Amino acid sequence: MNSVKIWVHIIFSTKNREPLLTDDVRDLVFNNIRQIAKEKNIYIKSINGWQDHCHCLVCLNKNQSINKIVKQIKEKSSDWINKSSVIKGFNWQDDYFAVSVSESNLDKVIHYIDNQSEHHRFKSFNDEYTEFKEYFNKST
């Protein structure tokens, strides 16, 4: 019997990292992503972000790939955002960042994702993204 449980922290941004996810629409967008995930059998443990990006902690099953679920989430949420006129002409950036998370670090990652508004009072997404890439690419 095959059994797979892989936790992945995924980060993706708005097109050109525009600050379109304002306070009044961010919860709407993230709630929509939760609904999309539920419909597509994607388990999101935590989701949050800031004005120009989104963090998701996702658990992959044996039939899912990171690329496939990111594509589904970004395409479906972008369609919904534009059709519902939440944001005019909205698109996600084509790229994304993903890193595996051990079971022992889940609480730490959830805390990090849940506290994005506090975190980004002091650090831009560009700085955060650069730090992530440098930290996780130094071992490859």
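Just so you know, all these numbers are worked out from the coordinates, no wet-lab data involved. These numbers were taken from a predicted model, which means no experiment stands behind them. Reconstructed Cβ throughout: ideal geometry from the backbone, glycine too, with neighbour counts over all protein chains shown.
Data table
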item	result
Residue in segment 74-82 that is of a type outside the set (S, T, N, Q), crowded, with 19+ Cβ neighbours inside 10 Å, in contact (Cβ under 8 Å) with a residue 12 or more places away in the chain and assigned to a loop (DSSP other than H, G, I, E, B) present	no
Test: GLN64 is buried (at least 17 other Cβ atoms within 10 Å of the Cβ), free of Cβ contacts under 8 Å to residues at least 24 places away in the same chain and not in a strand (DSSP E or B)	yes
One residue from ILE44, ILE69 being surrounded by fewer than 20 Cβ atoms within 10 Å (Cβ to Cβ) and farther than 14 Å from ILE87 by Cβ	ILE44
Evaluation of GLU39 against (1) touching a residue at least 40 places away in the same chain (Cβ under 8 Å); (2) surrounded by fewer than 20 Cβ atoms within 10 Å (Cβ to Cβ) (one fails), failing number	(1)
Selected residue (criterion: surrounded by the most Cβ atoms within 10 Å (Cβ to Cβ)) from residues of segment 7-28 that are within 11 Å of the chain's Cα centre (by Cα) and not hydroxyl-bearing (Ser, Thr, Tyr)	HIS9
